[in-house]
Each structure stands twice: as structure tokens, then as C-alpha cells.
1. Does Met68 satisfy the condition of being surrounded by 16 or more Cβ atoms within 10 Å (Cβ to Cβ) and either over 13 Å from Leu105 (Cα atoms) or over 22 Å from the mean Cα position of the chain (by Cα) (or both)?
2. Starting from the stretch 71-93, take each residue that is free of Cβ contacts under 8 Å to residues at least 12 places away in the same chain and list its partners that are surrounded by 12 or more Cβ atoms within 10 Å (Cβ to Cβ) and of a type outside the set (S, T, N, Q), counting only C-beta distances under 8 angstrom and pairs at least six apart or across chains.
3. Output the residue which, of all residues in the stretch 353-377 that are surrounded by fewer than 12 Cβ atoms within 10 Å (Cβ to Cβ) and among the aliphatic types (A, V, I, L, M), is nearest to Leu229 (Cα to Cα).
4. Which numbered condition in (1) of a type in the set (A, V, I, L, M, F, W, C); (2) within 26 Å of Val270 (Cα to Cα); (3) not in a strand (DSSP E or B) is the only one that Ala112 fails?
5. Can you tell me which residues in the stretch 196-214 are closer than 19 Å to Phe248 by Cα and in a loop (DSSP other than H, G, I, E, B)?
6. Considering only the stretch 15-45, state which residues are modelled with pLDDT under 95 and buried (at least 21 other Cβ atoms within 10 Å of the Cβ).
7. Looking for whichever is surrounded by fewer than 18 Cβ atoms within 10 Å (Cβ to Cβ), modelled with pLDDT of 95 or more and either under 19 Å from the mean Cα position of the chain (by Cα) or among the hydroxyl-bearing types (Ser, Thr, Tyr) (or both) here; the options are Gly48, Gly12, Gly58, Gly7. Which one fits?
8. Restricting the first residue to the stretch 225-237 and requiring it to be farther than 17 Å from Thr353 by Cβ, which pairs with a second residue that is part of a helix (DSSP H, G or I) and among the charged types (D, E, K, R) meet a Cβ separation below 8 Å and a spacing of at least six or different chains?
Amino acid sequence: MNIVIIGAGMGGLTAALALQQQGHQISVYDRVRELRPAGAALSIWSNGAKILHQLGLGHGIEQASGDMQAMRYFSHDGTLLTGFSLAPLYEAVGQPACPVARSELQRQLLDAVGHDNVHLGEHCIDFSTDAEGVTIHFDNEQTRRADLLIVADGTHSRLRNRVAGKTIERRYCGYVNWNVRVPAQSDLAPLDHWDQYIGHHQRVSLMPMGSGGNTDCQPEFYCFFDVPLALEDLDDHNDYRAELRRHFSGWAPQVINLIERFDPALMARVPIHDIDPLETLVGERVALLGDAAHAMAPDLGQGGCQAMEDAWVLADALGRHADPAAALAAYDRARVDRVGDIILRARKRADMTHGHDPIVTHQWYQALAAEDGRHIMAGMQKTIEGGPLP
């Protein structure tokens, strides 16, 4: 089958690789002229890592990723609330997590798909379908014909409304995320720990993300800062260090040191949005995939993993059904409830973490002080085991 994919992000490239391995002819188009990863790193939890292994990238991703063996929560002043090994989770699900630089994951996917199959500077603006296939329209007045179209153009998707048949509004989740990578030094956190600091409805996270598989490079932490803010209260000067000094004044020494060490040129500031769950992810000869299908808050760390699950399930459906309509229906049945549930769970988690109801957030802080890890890992295990691979 001849398949066109719009979007050369993680979801689009994973789909391209999975479909190539099913024997389909793939062309990927993206409006950007240079691929630049959105965000410093990606937490590939076990459900996503299993798919990368099936696609032949698992070993390379594990070599490039951080060795995350334990998890800790601290109060904003540095008081330890809970700490525990992640080994029981990894043993239960059969695969460790692989937090990795987005640039490295993108590089490995692009190399596997083949650079000749990815076309940049091509802005898709519309599509039309008929009984024989789909015509994809670009802003340079060029068109492409395909048997199937996959829309994987991200959270700001310009084609999602066409597939859904209605306007899908992005929803502000109420907080802003600053994310960056920094050299991994033990005075910030142990090199195999995921440490989080919480208080005043804010959060700081340091997660080991490896060295990109290059033993000559220093390992790095993937770090982010979350602050509940009204969008109109964002500082227009883009002085990220000054902003974070103000928001996190008086926090633990590790947080203060982190603010003084990051390179502002590497930092991104992102107001977090999601969308409501969609009733369907497909149309006639077209499928939504990744953030275009289920943009979600990052609070479960599942955005990238769900895009990988989409890719695997869609390729499997096309392998089992010769009729594109039957394959798309199978994909929709397998994915629409799964991703809708995770959107809502991530939204609920974001609200709890960031003080949507201050009483609930305070109760969470208290519960963490009595947590031994079993409750947290049980939630992670539930999410992982809901994926398509055992």
C-alpha cells in the first residue's frame, strides 16, 4: 500500500518505520525545513520501549538512554517524602524505562526510516478522498496520491478538524512548563535517580537521560519546572532564569543550583495544553496518530509512548486487513478508548499536582510522606500493561 504520513515527529517516524516493515511504501512530509526536536527529552516508559524493541531500535535506545533505577519525592525545602527502587516495576512489566534525548531518538528513527523517504519544507494544507484513494494538497499547489493518509502533525494539527468533522479546541491545563537538559552532577541528584521536588502547587524534576550513546560525552539530566500561571501572567522578557528564581525562591539547594546552571539558550517554555478525547481517530482513508489524535498533559509521561502504540497498532491492523476501511476501523476500536482514558487520567494528575483543588493537592503531599512506592508503581504498571504488547 502507498501511504503518506504528514508529520516527521516521533509519532510520524515510528509509524513510517512500522509500516515499512509491513512492506508498505511510505512517504513522510513535514512543513519544517529542518527537524528540531520539541523538548529536551522523552520519558519512554516500558510500553513504548517494548515497541522500539519490536522495531529493531530497542538496543540502540537503551544504550543512549538514562539508567533510571530509583525514584524520590522531596518537599520544596528538600525534606525527603519518599524514595524507592523501580526494580519491582521493571521486573513486573519485563522492561525498564528509557528516558532519552529527543534528538537521539529522532536521529535513530530517521536513520531507520531512511532520509530519502522524509521530505521537509512541504506544508500539507488539505486532503480529499474518493473510492480509489486520497489526494493530499500542499501549499505550493502540488498534490500527492496515496491509498492512505496518516495525520501526525502534532498538538497544533491543522488537519485534525478535517478528520474529526468539527473544530477541536486545545485546552489550557493551567500551568507552564520550563524544560532543559543539564550536565548530570551528583550534587544535583544521584545519576540513576529520578528526583522530584514539590510544594506550593509547583514541581521540579530531574531525570537521567544518558549521554546519547556517546561514551565521550557527559551524561545529562532532563529537568523541568512546573508553575501554575494564568497565560496573561507570563513574562514577556523571556528571561527564564529570572522567572525561575522568582517562582522558586527559598526552595531546596539542589533546585537553586539547577536554576543557576542551565543554559538559557537550551531551555523551552511551554504552556501545557491538551484536547478532550475524540470520538473517533479515523475518517475515510485517513487516520490521526500521536499528539494530533490525543494531545495530553505530560503528567503521566505517556505522550510519546502513546504515539508509538498508535504506530504499532495501525501497522498491525493494516497487516491483518487488506481492506483499508476494515484496517482503520480495527485501529479505531483498539485506540480510541485507550488514549481517551489516558488523556483524562493525565488531566486529573495535572490538576492534583498543580493545585486545581488545593485540598486535593495537600492530601497528595501528605500521602507521599507515607508512600513506600507500591501505590505509585501500581499506577505505572496499570498504564504500561494496557499497551498492545505483553
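The values are calculated or read from the model by the stated rules, or taken from the named source; none is laboratory data. Note that the coordinates shown come from a computational prediction; the quantities given were computed from them, not determined experimentally. Counting neighbours? That spans all protein chains shown, and the Cβs are built from the backbone with ideal geometry, glycine included.
1. Values: surrounded by 16 or more Cβ atoms within 10 Å (Cβ to Cβ): yes; either over 13 Å from Leu105 (Cα atoms) or over 22 Å from the mean Cα position of the chain (by Cα) (or both): yes.
Yes: the conditions hold for Met68.
2. What qualifies is Leu80/Arg72; Leu80/Tyr73; Leu80/Phe74.
3. Ile359
4. (2)
5. Here is the first cut: in the stretch 196-214, the ones closer than 19 Å to Phe248 by Cα are 196-207.
Answer for the stretch 196-214, where residues must be closer than 19 Å to Phe248 by Cα and in a loop (DSSP other than H, G, I, E, B): His200, His201.
6. Ala40, Ala41, Leu42, Ser43
7. Working: Gly48 fails: surrounded by fewer than 18 Cβ atoms within 10 Å (Cβ to Cβ); Gly12 fails: surrounded by fewer than 18 Cβ atoms within 10 Å (Cβ to Cβ); Gly7 fails: surrounded by fewer than 18 Cβ atoms within 10 Å (Cβ to Cβ).
The conditions single out Gly58.
8. That search, which allows pairs on different chains as well, returns Asp235/Glu243.
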